[in-house]
Each structure stands twice: as structure tokens, then as C-alpha cells.
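Computed from the coordinates by the stated procedures, all read-outs in this text should not be read as laboratory data. The structure presented is a predicted model; accordingly, all values stated were derived computationally and were not measured. Glycine gets a Cβ as well: all are built from the backbone with ideal geometry, and neighbour counts include every protein chain shown.
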């Protein structure tokens, strides 16, 4: 295990099938360096990688193997490597995270989004959120 990287904040043996969404902080995206400077093909690849990372186990992480990233995006490895060579690339802002014995990649926004999804799920499991099907998870409830 490496002590120089972030530690995954949740137990690795949890079943995550209840996490099916994550918030997109669109204002932070649009006003941040990535949203302003990254080309649209880079932004699209980054968003799809974030979505893929949320369905991974553990959620909000990707393996370090960039050839797998190309596979997840249905891109040829050389096309993916070309995107990665750009000044602002689809892995902009991603960091390494220790997940048990394995080091993976994560993005801080994904960890924030996962925390929100976990909170909302716990509220639903306790029966404290009364919502109609199709409404946002925290509809009708004050934040906090």
C-alpha cells in the first residue's frame, strides 16, 4: 500500500448497486479551467470516463491502465493516446487513490458526487425522503 496517495473513503466490500446517479456540478465545470480551455472532444471523453468510473467497483475510480480507458470509450488506443497528449486532456484533475492493495484513479468531483449519492441513498433507506418517481432524490427537502 502506498501512503503517498489519497485513501479510498468507503469500505471496499460494500455493494454499490443502489448508486445509479451522481450530481454534475455544471457551474464549477463551465467556469473552471477544464470547462473553459478543454476541447469538446476532450470534455466528452472526460464526462464518459466519469460516468464509467461511477459504475466501477469501487465507484468513482478507474484502473490506471490507459488502454482500458480507450476500451471504455470505444476508441482506438492510438486515438486515446492522442487525446492524452493535449495540454488539457480527459484525465485533467484525476489523481491516484489507494483502494485496498490496488492504486486506481479518481477525480475529486467524483468523490464529492459519490458522497452526495451515498447520503441520498441512506436517507431513502431510512424512509426519510418522500418523493415521487422521477423527481430528484432530494426534492422537497431542505439541503443540509
Please state the equivalent ellipsoid semi-axes for region 33-104: what are the square roots of 5 times the Cα gyration tensor eigenvalues, largest first, in whole Å?
20, 14, 11
Under a crude label model (7 Å from the Cα following the beta-carbon direction), how far is residue 116 from residue 51 in nanometres?
1.7 nm
Among 121, 3, which comes first, second and so on when ranked by fewest other beta-carbon atoms within 10 Å?
3, 121
How big is the Kirkwood radius of region 6-125, worked out from every pair of different alpha carbons and given in Å to one decimal?
15.0 Å
Using the alpha carbon gyration tensor of region 1-64, what are the three equivalent-ellipsoid semi-axes (square root of 5 times each eigenvalue), largest first, in whole Å?
25, 16, 11
